[in-house]
Every structure is written in structure tokens, then in C-alpha cells.
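The values are calculated or read from the model by the stated rules, or taken from the named source; none is laboratory data. Here the structure is a predicted model, which means the values were calculated and not measured. Glycine also receives a Cβ, built like all others from the backbone with ideal geometry; neighbour counts cover every protein chain displayed.
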């Protein structure tokens, strides 16, 4: 079995404030340390569970968050920096995906650092009429390539969100979201122990055939509501895109990968 781990930072254990996650935040180095530690807990547990090959993708911001020299040697590759459009770069030989350190979708009451792709420019996403966050978008992206999301870690709001569309996926609650910038945190050692246990349980369920790829029927229409006026995309000549109003537009595509590349 080969495993692909997509890692964000807002759902990492110990992370609860924006100055831990922004590139110029006063505590961003703390956030980077915490993210690296959660990755190591997941990677080491996966290797102990018998995973053959492990890829880890830093997908927070510009993908330059992890602390390279502190990462576990049990992974085969760490994918960092600009990779162009593919969300799952290097995943061609992988069988399953873990969403590590993910957060609830924009507007989730009490979700720690909740947002959908950009807290600055995006208010909401809807896919085929359903409000959607990053976790489900990435689950569909993986599902289109035949890979199920077998585990997701984050706060309790993210875990609730995941269970609505992936009922058999293992959810790993490492904190309880209280406000956008506050949470009840598990102690670090307990959180990482839980990540390790959930990773092993997820691999067990996958190998038992209990978790299927997440898919919905094409075509796909993504409605994007922006936070500000005046930043709508230029769509002249692009038949896939349609302006709805001064802050909203839609994209239609036949694959999730195409939708991601066009958004």
C-alpha cells in the first residue's frame, strides 16, 4: 500500500491563532514546528502499520511551511513549493489519502481558523448546489483518481463535516473549536498519540475494504462567492465560466481536476 498525506496547518494540534499560520505571523515558527510534529506522528505510524511508500504534500499557502531537517525519515518524499495545477502531485502510484491538519469550511460556527481556500478573497463555495469546503473538494479530487480519504485530523467541527460525506473515514479530533481564533487543545503528546492511533486504524479499515473513494456524478458546477467586489475573474472567451453577480461566478467542468485548475 502507498499513501499520500495532504497537510494543511489550521487543523494541526496546538494551532488556534492566525499569527501561527500566516507567513509574517509573530508565531509562525511555532506553527511550523507543530505542523512538522503532527506529520511525523502520522508518517511514523503509517510506516509501523506496513505502508510501503509515503508521500507528504505541504499544501498550506505556498507550500513552504514544513521544517525539512526535522521531518521523519520514514516518508519517501516531501512535496514542497510551487507544483503548478495538480493538487496531488506525485500520487500516481498511491492507493489512499490522509487529510492532516484540515479545518472546517468557511462560515462554520466555532470552527478554528475556518475558511475555504482563502480567508481573504473567498466567502463560500458551492459544488452542484451544495456548500463545500476544502476537505470535501480534496476528497473528490482524490476520489476521481480512485483514492479514498481514509483519515482526517483537525478540530471537532472539521470532524463533523467529514462524517457527513465520508461516514466510514476515520476522524481524528485533536482540538475543540470554540471561536475562529480559539480552541480547547489536547496536550501535545496526547494529540500526536491520537494521530498515530487513528492513522493505524485508517490503514486497517482501508485494507479491510471498508472505505471507498468519494465521488459524485459529473458534470460539476462550482459557484464561488467572493468577499469583495471588484475581484471577479476575467472570463471573456471562457465558456466554462459565468458571472452571476458582482461578487459571484460559476465554473463548469467535466472533472474535479479541471475544476481545480480553473477556479
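What is the one condition in (1) part of a loop (DSSP other than H, G, I, E, B); (2) closer than 28 Å to residue 86 by Cβ; (3) modelled with pLDDT of 95 or more that residue 37 does not satisfy? If we test residue 37 against (1) part of a loop (DSSP other than H, G, I, E, B); (2) closer than 28 Å to residue 86 by Cβ; (3) modelled with pLDDT of 95 or more, just (1) comes out false. Residues that are farther than 14 Å from residue 152 by Cβ and either in contact (Cβ under 8 Å) with a residue 24 or more places away in the chain or surrounded by 24 or more Cβ atoms within 10 Å (Cβ to Cβ) (or both) within the range 4-19 comprise 9, 14, 15, 16, 17, 18, listed in sequence order. Looking across the range 17-34, the residues that are in a loop (DSSP other than H, G, I, E, B) and out of contact with any strand residue (DSSP E or B) (no Cβ under 9 Å at 6 or more places or on another chain) come down to 21, 22, 23, 24, 25, 26, 27.
Of the conditions (1) over 14 Å from residue 153 (Cβ atoms); (2) touching a helix residue (DSSP H, G or I) at 6+ places or on another chain (Cβ under 6 Å); (3) crowded, with 22+ Cβ neighbours inside 10 Å, residue 27 fails just one. Which one is it? Answer for residue 27: the failing condition is (3). Residues in the range 60-76 that are surrounded by 15 or more Cβ atoms within 10 Å (Cβ to Cβ) and out of contact with any helix residue (DSSP H, G or I) (no Cβ under 7 Å at 6 or more places or on another chain) were compared, and the one that is farthest from residue 134 (Cα to Cα) is 76. Whenever a residue of the range 217-243 is exposed (fewer than 14 other Cβ atoms within 10 Å of the Cβ), its partners that are modelled with pLDDT under 90, lying with C-beta atoms within less than 7 angstrom and at least six residues away or across chains, give the pairs 243/235. Note on the range 215-243: among residues that are closer than 18 Å to residue 117 by Cβ and not in a loop (DSSP other than H, G, I, E, B), the one that is modelled with the lowest pLDDT is 241. When the test is whether a residue is surrounded by fewer than 17 Cβ atoms within 10 Å (Cβ to Cβ), in contact with a strand residue (DSSP E or B) (Cβ under 7 Å, 6 or more places away or on another chain), under 26 Å from residue 209 (Cα atoms) and in contact (Cβ under 8 Å) with a residue 24 or more places away in the chain, residue 93 passes it.
To keep it simple, each residue is scored yes or no on (1) in a loop (DSSP other than H, G, I, E, B); (2) under 13 Å from the mean Cα position of the chain (by Cα).
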| site | (1), (2) |
| --- | --- |
| 110 | yes, no |
| 116 | yes, yes |
| 120 | yes, no |
| 124 | no, no |
| 131 | no, no |
| 137 | no, yes |
| 140 | no, yes |
| 146 | yes, no |
| 151 | no, yes |
